[in-house]
Amino acid sequence: MCDSMKKFKEEMEKRGLFRKLTVAANLIPPPPGVEPEALIAIHKLAAKEALTMYANKHDDFCDLMAEAAFDNLFDTILTDDLFKPVEGFTPTDEERAKMEEAEKTAKALSGLFNILKRF
C-alpha cells in the first residue's frame, strides 16, 4: 500500500469514518430476498456516495482522497510501461489532429491565465 493510501486510511480512522460506514451497513435493513453479494454491492455503492458527499464538504479530506486515488492509479494501472516510448509508433492523422487541437487550447488557456494574473 502506497504512503498516500496509508495516510488516507489513517485519516478515515481518525475521523471515525470506518465506524460510521459499519453502523450504516448494519442499521439499514436489507431489501427482502437480496443475495449477500448484492447486499455488499449496495453497501459499497452507498459508502461511495457517502464518502463523496463527505469529501465535497471537507476540502482537506477530498485532497487526501484524490492523492491516494491517483497514486493507486499510477501504481497499479498507469504503470511506467505506459509512458515508455514505443519504437516505430505512428499516430493516426486523427490522433495527430487532436493533439494539435489540445496544444492550441493549452496555449490559449495559458495566455488567458497570464492576462488574469495581471488583475
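Restricting the stretch 2-17 to residues that are in a helix (DSSP H, G or I) and of a type in the set (Lys, Arg), which is nearest to His58 (Cα to Cα)? Show your work before the answer.
We begin by selecting, within the stretch 2-17, every residue in a helix (DSSP H, G or I); these are 3-14, 17.
Cutting the leftovers down to of a type in the set (Lys, Arg) gives us 6-7, 9, 14.
Working: Lys6: 19, Lys7: 16, Lys9: 16, Lys14: 14 Å.
Once the filter is applied, the top-ranked residue is Lys14.
Out of everything in the stretch 71-108 that is among the hydrophobic types (A, V, I, L, M, F, W, C) and open to solvent by less than 70 Å² (accessible area, probe 1.4 Å), what residue ends up being farthest from Lys7 (Cα to Cα)?
First pass over the stretch 71-108, keeping only residues among the hydrophobic types (A, V, I, L, M, F, W, C): 73-74, 77-78, 82-83, 86, 89, 97, 99, 102, 106, 108.
Of the ones still in play, those that are also open to solvent by less than 70 Å² (accessible area, probe 1.4 Å) are 73, 78, 97, 102, 106, 108.
On the way: Leu73: 16, Leu78: 21, Ala97: 41, Ala102: 35, Ala106: 33, Ala108: 37 Å.
Across the stretch 71-108, the extreme among qualifying residues is Ala97.
For Cys62, work out the one condition from (1) free of Cβ contacts under 8 Å to residues at least 12 places away in the same chain; (2) out of contact with any helix residue (DSSP H, G or I) (no Cβ under 6 Å at 6 or more places or on another chain) it doesn't fulfil.
(2)
Could you look through the stretch 1-17, keep only residues that are touching a residue at least 24 places away in the same chain (Cβ under 8 Å) and open to solvent by less than 80 Å² (accessible area, probe 1.4 Å), and pick out the one that is farthest from Thr76 (Cα to Cα)?
Only one residue fits best here, namely Arg15.
Does the stretch 51-70 hold any residues that are surrounded by 11 or more Cβ atoms within 10 Å (Cβ to Cβ) and either of a type in the set (Phe, Trp, Tyr) or farther than 20 Å from Ala25 by Cβ (or both), and which are they? Let's see the steps before the verdict.
Step one: of the stretch 51-70, the residues surrounded by 11 or more Cβ atoms within 10 Å (Cβ to Cβ) are 51-52, 54-55, 58, 61-70.
Hits for the stretch 51-70 are Tyr54, His58, Phe61, Cys62, Asp63, Leu64, Ala66, Glu67, Ala68, Ala69, Phe70.
Filter the stretch 19-37 down to the residues that are touching a helix residue (DSSP H, G or I) at 6+ places or on another chain (Cβ under 6 Å) and closer than 30 Å to Thr76 by Cα and list them by number.
Matches in the stretch 19-37: Leu21, Ala25.
Taking the options Lys20, Lys48, name whichever one is among the basic types (Lys, Arg), surrounded by 12 or more Cβ atoms within 10 Å (Cβ to Cβ) and assigned to a helix (DSSP H, G or I).
On the way: Lys48 fails: surrounded by 12 or more Cβ atoms within 10 Å (Cβ to Cβ).
When all the criteria are applied, what remains is Lys20.
Considering only residues that are part of a helix (DSSP H, G or I) and of a type in the set (Gly, Ala, Ser), look in the stretch 23-37 and name the one that is nearest to Met53 (Cα to Cα). So that I can check it myself, show each step before the final result.
Of the stretch 23-37, the ones part of a helix (DSSP H, G or I) are 23-27, 36-37.
From what is left, the residues that are of a type in the set (Gly, Ala, Ser) are 24-25.
Numbers: Ala24: 15, Ala25: 17 Å.
Across the stretch 23-37, the extreme among qualifying residues is Ala24.
Given the criteria of a type outside the set (D, E, K, R), more than 20 Å from Arg19 (Cβ to Cβ) and not in a loop (DSSP other than H, G, I, E, B), does Ala41 qualify? Steps first, please.
Details: of a type outside the set (D, E, K, R): yes; more than 20 Å from Arg19 (Cβ to Cβ): yes; not in a loop (DSSP other than H, G, I, E, B): yes.
The answer is yes for Ala41.
For Leu116, all conditions in the list (1) at pLDDT below 95; (2) of a type in the set (A, V, I, L, M, F, W, C); (3) touching a helix residue (DSSP H, G or I) at 6+ places or on another chain (Cβ under 6 Å) hold save one; what is the number of the exception?
Unmet condition: (3).
The values are calculated or read from the model by the stated rules, or taken from the named source; none is laboratory data. All values reported here derive from a predicted model rather than from experimental measurement. Note that each Cβ is placed from the backbone with ideal geometry, even for glycine, and that neighbours are counted across all protein chains shown. Quick note on the areas: whole protein, heavy atoms, side chains included, nothing else; ligands and nucleic acids left out. Shrake-Rupley method; radii C 1.70, N 1.55, O 1.52, S 1.80 Å.
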